[in-house]
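Worksheet: one structure, shown below.
The values are calculated or read from the model by the stated rules, or taken from the named source; none is laboratory data. Note that the coordinates shown come from a computational prediction; the quantities given were computed from them, not determined experimentally. All Cβ positions, even for glycine, are placed from backbone atoms using ideal geometry, and neighbour counts span all protein chains on display. All accessible areas refer to the heavy atoms of the entire protein, side chains included, with ligands and DNA or RNA removed. Shrake-Rupley method; radii C 1.70, N 1.55, O 1.52, S 1.80 Å.
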Amino acid sequence: MPFARNALDGSRVYFEDDGGAGTPVVFMGGFLDPIELARRAPIAMAVAALPEEFRPVFVDHRGHGRSDKPHGAEAYAMRLRVADVVAVLDRLRIQRAHFIGLSWGGRLAFGIGEHAADRVRSLVIVGQQPYEIDPDGPLARVVGRALEGSKDRGLEPLVRAFEDIAGPYPEPVRAVYLAGDAEAMRAAWRAAVGEGAVSRRLHEWQVRCLICVAADDADFFDQARRAADEIPHAGFVAIGGTDHLGMDTAPVDPAWPAILRTLRGGS
């Protein structure tokens, strides 16, 4: 199995490289999502359907899939998470890539823009914002409470809470979620809530950036629009008719023209 090793703390990072001569596009999925589910995201499938242009590379977040799963919140500091992705680039001898981050992966994409901008061709950030996470936001509150329940019942409370919002998951997807490491997820969430803003200098960024967010995303919409206003020349797309969790399976069509412009225009 292909692994990279984080240069800062030695953690192993699992990745899958689809290969080819196209420009590398690194995909980072959502909270709980290992690579096998990140691959199913409509945006990932759309990019993978253009192998003559793009070379998809998928990365398991630490705490997810086959990557290492530390149980201390300090192990999920943003600089360490960014170093995981940089380790994959180094392992593959890729100097610069496009990055597509979905939700949890979108926050990591902001971290890459902050801490590893020299490795960035462009950022496509879906359903996230770079500011301090409000633990009392509607979805954040649900996640926090469900993860408290995971101490006794594993990830069942979180999966059930998501299903109460988004509807039942297909059984194979549910099984993958339930197989996750609950203690690692609690540590990752504590780190994210406690880390504050990913960047306090968005106005200085020179990376090409597109932010896409659901119009009904009560937790992230306003902050995502604010970030797009702060980052010079950033693009912004609001996706109607869905909320944060719905973005996982929402058709890519409304944002696809802007995504392609970003990927094709990133030098």
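Return the pair list, or none, for Cβ contacts closer than 8 Å from residues in segment 148-160 that are farther than 11 Å from A179 by Cα to residues that are of a type in the set (S, T, N, Q), at least 6 apart or on different chains.
P157/S150; L158/S150
Of the residues that sit in segment 224-267 and are buried (at least 19 other Cβ atoms within 10 Å of the Cβ) and of a type in the set (D, E, K, R), which one is nearest to the chain's Cα centre (by Cα)?
Residue satisfying both the conditions and the ranking: D248.
When only residues in segment 71-80 that are open to solvent by 10 Å² or more (accessible area, probe 1.4 Å) and in a helix (DSSP H, G or I) count, which is nearest to G30 (Cα to Cα)? Give the steps one after another, and end with the answer.
Residues of segment 71-80 that are open to solvent by 10 Å² or more (accessible area, probe 1.4 Å), as a first pass: 71-75, 77-80.
So of that shortlist, the ones also in a helix (DSSP H, G or I) come out as 73-75, 78-80.
Details: A73: 18, E74: 20, A75: 18, M78: 15, R79: 18, L80: 17 Å.
Looking at residues that are open to solvent by 10 Å² or more (accessible area, probe 1.4 Å) and in a helix (DSSP H, G or I), I get M78.
Whether any residue in segment 20-32 is open to solvent by less than 50 Å² (accessible area, probe 1.4 Å), touching a strand residue (DSSP E or B) at 6+ places or on another chain (Cβ under 6 Å), assigned to a loop (DSSP other than H, G, I, E, B) and in contact (Cβ under 8 Å) with a residue 40 or more places away in the chain is what I want to check.
yes
Does D68 satisfy the criteria of being touching a Lys or Arg at 6+ places or on another chain (Cβ under 7 Å) and either open to solvent by 40 Å² or more (accessible area, probe 1.4 Å) or without any contact (Cβ under 8 Å) to a residue 40 or more places away in the chain (or both)?
Details: touching a Lys or Arg at 6+ places or on another chain (Cβ under 7 Å): yes; either open to solvent by 40 Å² or more (accessible area, probe 1.4 Å) or without any contact (Cβ under 8 Å) to a residue 40 or more places away in the chain (or both): yes.
Yes.
For segment 3-19, what are the residues that are of a type in the set (D, E) and open to solvent by less than 50 Å² (accessible area, probe 1.4 Å)? Give the derivation first.
From segment 3-19, those of a type in the set (D, E) are 9, 16-18; that's our starting set.
The one that is of a type in the set (D, E) and open to solvent by less than 50 Å² (accessible area, probe 1.4 Å): E16.
Residues are listed down the side, and each one gets a yes or a no for (1) in a loop (DSSP other than H, G, I, E, B); (2) over 20 Å from M28 (Cβ atoms); (3) not β-branched (V, I, T):
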| position | (1), (2), (3) |
| --- | --- |
| Q129 | yes, no, yes |
| D136 | yes, yes, yes |
| V142 | no, yes, no |
| A146 | no, yes, yes |
| Y169 | yes, yes, yes |
| Y177 | no, no, yes |
| M185 | no, no, yes |
| A197 | yes, no, yes |
| Q206 | yes, yes, yes |
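Anything in segment 129-147 that is under 22 Å from Q206 (Cα atoms) and touching a Phe, Trp or Tyr at 6+ places or on another chain (Cβ under 6 Å)? List them, or say none.
Passing the criteria: Q129, P130.
Residues in segment 47-65 that are part of a helix (DSSP H, G or I) and either touching a Leu at 6+ places or on another chain (Cβ under 9 Å) or open to solvent by less than 10 Å² (accessible area, probe 1.4 Å) (or both): how many? Break it down into steps so the answer makes sense when it comes.
So the first thing to find is which residues in segment 47-65 are part of a helix (DSSP H, G or I), and the list is 47-48.
In the following step, the residues that additionally are either touching a Leu at 6+ places or on another chain (Cβ under 9 Å) or open to solvent by less than 10 Å² (accessible area, probe 1.4 Å) (or both) were identified as 47.
Summing the residues that are part of a helix (DSSP H, G or I) and either touching a Leu at 6+ places or on another chain (Cβ under 9 Å) or open to solvent by less than 10 Å² (accessible area, probe 1.4 Å) (or both) in segment 47-65 gives 1.
Among the residues of segment 210-223, which ones are assigned to a loop (DSSP other than H, G, I, E, B), surrounded by fewer than 16 Cβ atoms within 10 Å (Cβ to Cβ) and of a type in the set (D, E)?
Pass one, segment 210-223, residues assigned to a loop (DSSP other than H, G, I, E, B): 215-220.
The next check asks that each one be surrounded by fewer than 16 Cβ atoms within 10 Å (Cβ to Cβ); those that pass are 215-216, 218.
Once the filter is applied, which keeps residues that are assigned to a loop (DSSP other than H, G, I, E, B), surrounded by fewer than 16 Cβ atoms within 10 Å (Cβ to Cβ) and of a type in the set (D, E), segment 210-223 yields only D216.
Which residue, of R186, R190, R208, is modelled with pLDDT of 95 or more, touching a strand residue (DSSP E or B) at 6+ places or on another chain (Cβ under 8 Å) and of a type outside the set (S, T, N, Q)? Reasoning before the result, please.
Numbers: R186 fails: touching a strand residue (DSSP E or B) at 6+ places or on another chain (Cβ under 8 Å); R190 fails: touching a strand residue (DSSP E or B) at 6+ places or on another chain (Cβ under 8 Å).
None of the other options fit; the residue is R208.
Can you give me the number of residues within segment 88-110 that are open to solvent by less than 10 Å² (accessible area, probe 1.4 Å) and either in a helix (DSSP H, G or I) or polar (S, T, N, Q) (or both)?
Looking only at that region, the number is 8.
Going by the conditions given, is D118 acidic (D, E), under 17 Å from the mean Cα position of the chain (by Cα) and either more than 17 Å from V193 (Cβ to Cβ) or open to solvent by 10 Å² or more (accessible area, probe 1.4 Å) (or both)? Step through it out loud before you land on a result.
Details: acidic (D, E): yes; under 17 Å from the mean Cα position of the chain (by Cα): no; either more than 17 Å from V193 (Cβ to Cβ) or open to solvent by 10 Å² or more (accessible area, probe 1.4 Å) (or both): yes.
It is false that D118 is acidic (D, E), under 17 Å from the mean Cα position of the chain (by Cα) and either more than 17 Å from V193 (Cβ to Cβ) or open to solvent by 10 Å² or more (accessible area, probe 1.4 Å) (or both).
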